[in-house]
Every structure is written in C-alpha cells, then in structure tokens.
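What follows is calculated from the coordinates using simple rules that are stated; it is not laboratory data. All figures in this text were calculated on a predicted structure; none of them were measured in a lab. Counting neighbours? That spans all protein chains shown, and the Cβs are built from the backbone with ideal geometry, glycine included.
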Amino acid sequence: MNKLADIKGPVDAAGEEYAGPGGEASYGRVKPAGVDTSHGAILYLDGITVSFDGFKALNDLTLDIGVGELRCIIGPNGAGKTTMMDVITGKTRPTSGTAFFGQSIDLTKLNEAEIARAGIGRKFQRPTVFEHHTVLENLELAMKADKRVRPTLFARLDSEAADRIAQTLDLIRLGNQAGRLAGLLSHGQKQWLEIGMLLMQQPQLLLLDEPVAGMTDAETERTGELLNDLRGKHSLVVVEHDMDFVAQIADGGKVTVLHEGSVLAEGTMAEVQADPRVIEVYLGR
Ligand SMILES: Nc1ncnc2c1ncn2[C@@H]1O[C@H](COP(=O)(O)OP(=O)(O)OP(=O)(O)O)[C@@H](O)[C@H]1O
Ligand SMILES: [Mg+2]
C-alpha cells in the first residue's frame, strides 16, 4: 500500500522534489505528496457533532473514506449530508469530534482556503463557471488558480498543462465545445465543466453535493459514466438523492446512509436498500 510514497517525483531547478501538477502522472493523483495515506484512508471523521442552538445537525458521526474510493452518501432531507461536507471543507466547525485528512492533517485546525490548498475540492449544487469565458479558458483559469503551481515552473509545464487540459476536456465530454462560451452550455454541461475545473486543481479528495440535480436523464447517465471514469484515480464522496444514479455509480462499492446526523447503515447498494431501518426512514416520512 505504501509503495507509491517511495517513488520519487521529478526534481525541480532548486533540487527540491516537486510533486505538484504534472509532477507524477499528469492526470489523477490518488496518492499525492503531502497527505499521509499510509493507512489506506484519505479521510477520517470521528465522533463529529455539530450543534446549531442545541439542535444536532451531526450527531457523533464517524466515517472513513478509503484512498481511491468512490463513496456514495444518501439519506433523507435534513440528514446532515451537506453539513458533513461543510465540516470537511472548514465552512462549519464541529462542536466536538475530529476530522483528519490522511493520517496527520487536522481539518478542524485549518480554514477553508487552507483545506482547498491541502487538496480537498468541493462541488456545490449550483454550477459556478465563468460564463463570459470559453470552456477552454475556464479550465486554464482553474489551473492557474492552483497556488501550488509555482510561476517559475510554468514554462516547463506548458505542454504538460496542454495535455492535462485536453484529457480533462475529453473526460468531461466537452472535447468539441472547447471554444464555446461557458454561458451557452446546458445546465448539465456547466456541471461537467465545473467538475473539470476542480480536477484541474488535482484534488486528492473531491466532494460532490447532488451533482445530477436538475439534469436531464441523458445528462445524469453521462455524469455517472464520468464519475466511473474517475474511480480509482481520485477519492470521491458523492451525495445524491437520485437512487438510479447512485446504483449506477456505486458499482458494488460502499454506500453510507445518514439519518439524523449519524450513520444509519453502510453496505452495498443492495444491502442498504434491503435494510429495514433504511426503508423505514425513507418511507416513514
Ligand atoms: N446554519 C444552520 N443553522 C441551523 N440549522 C442548520 C444550519 N445548517 C443546517 N441546519 C439544519 O441541520 C439539518 C441538516 O441539514 P443538511 O443541510 O446538512 O441536510 P442534508 O442531509 O444536506 O439535507 P438535503 O438532502 O435536504 O440537502 C437540517 O435540519 C437543517 O435545517
Ligand atoms: Mg444537502
């Protein structure tokens, strides 16, 4: 498990090891420098409670996400799914509990910008692309916003950067839309573009909150294919209500059901769907 950590990345001009964009495999870093994932997990939430005036949006939530895993999180409205993402990204501080990124990065001690820089990307529900720029420009801007790309390395990285953009365009199904203004894309295409923009920053953990909300059936299906393409290359946490979509991307992997701020059930999609407690929280409302 620990082998990749031993592989030396290229050495930059200052003789310093550099594993930023283009450093290792140019696309997809499951096991990047900086995050100690030697125990196999990228994220550990332990006993997280978030109280809003005494109401516990999260209640002793304990959850681990494995490196390269695509974890689906489901649960009825108000279960605490978005609040969980708020805690991971530093938007909300837990009242108690611990949140670790890898073995040693304590997320509760970092602010939102520091957490993003450490390698956690988040996709909100509404797409936030630069509407007056082309698809290609949006990806370039996202890459340049990555503070880990040092300006001195830009010249050397140019061709690698172009390769990464081309790979990302294909991945997000916008290879033939590169010159189009982002504002002219469909809702689904904007969502894919935003996923692409997040990928340009090479997050080690990507959080997606209801990525297919508002999409057409065809767009939803293609989003499932896109996320399946990311499987194993990135660690992903996907919150979604659309059960057909969850079934499409869960692929025998673990699905976690949240209810009233804690984990109600965890297992394959088939296991959780057959769990009487899960059936009750979904039907009992
Ligand atoms: N800032 C806040 N102040 C007070 N209560 C909050 C706050 N944020 C969330 N809550 C409450 O915490 C609970 C969990 O909300 P959260 O948004 O995490 O649920 P969710 O699982 O994402 O639901 P949905 O599926 O509807 O998106 C809800 O009852 C919500 O009203
Ligand atoms: Mg939510």
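Quick check on packing: order 193-201, 123-131 by the mean number of other C-beta atoms within 10 Å, highest mean leading.
Listed from highest to lowest mean packing, they are 193-201, 123-131.
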Approximate spin-label separation residue 46-residue 130, in nm, with each point projected 7 Å along Cα-to-Cβ: 4.2
Gain upon complete extension [residue 145, residue 77; 0.36 nm per residue less C-alpha separation]: 21.1 nm
Whether region 161-239 is rounded, prolate or oblate, judged on the alpha carbon gyration tensor where a/c under 1.5 counts as rounded: oblate
For peptides 92-99, 239-246, 114-121, sequence by mean Cβ density within 10 Å, most packed first: 114-121, 239-246, 92-99
Label point at residue 180 placed 7 Å out along Cα→Cβ; residues across region 106-148 whose backbone nitrogen lies under 12 Å: 135-136
Gained length - residue 229 relative to residue 62, 0.36 nm times residue gap less alpha-carbon distance: 57.3 nm
Sequence ranges 34-40, 186-192, 158-164, ranked by mean other-Cβ count within 10 angstrom, highest first: 186-192, 34-40, 158-164
Local electrostatic count at residue 261 - Lys and Arg +1, Asp and Glu -1, tallied over other residues with Cβ under 12 Å: 0
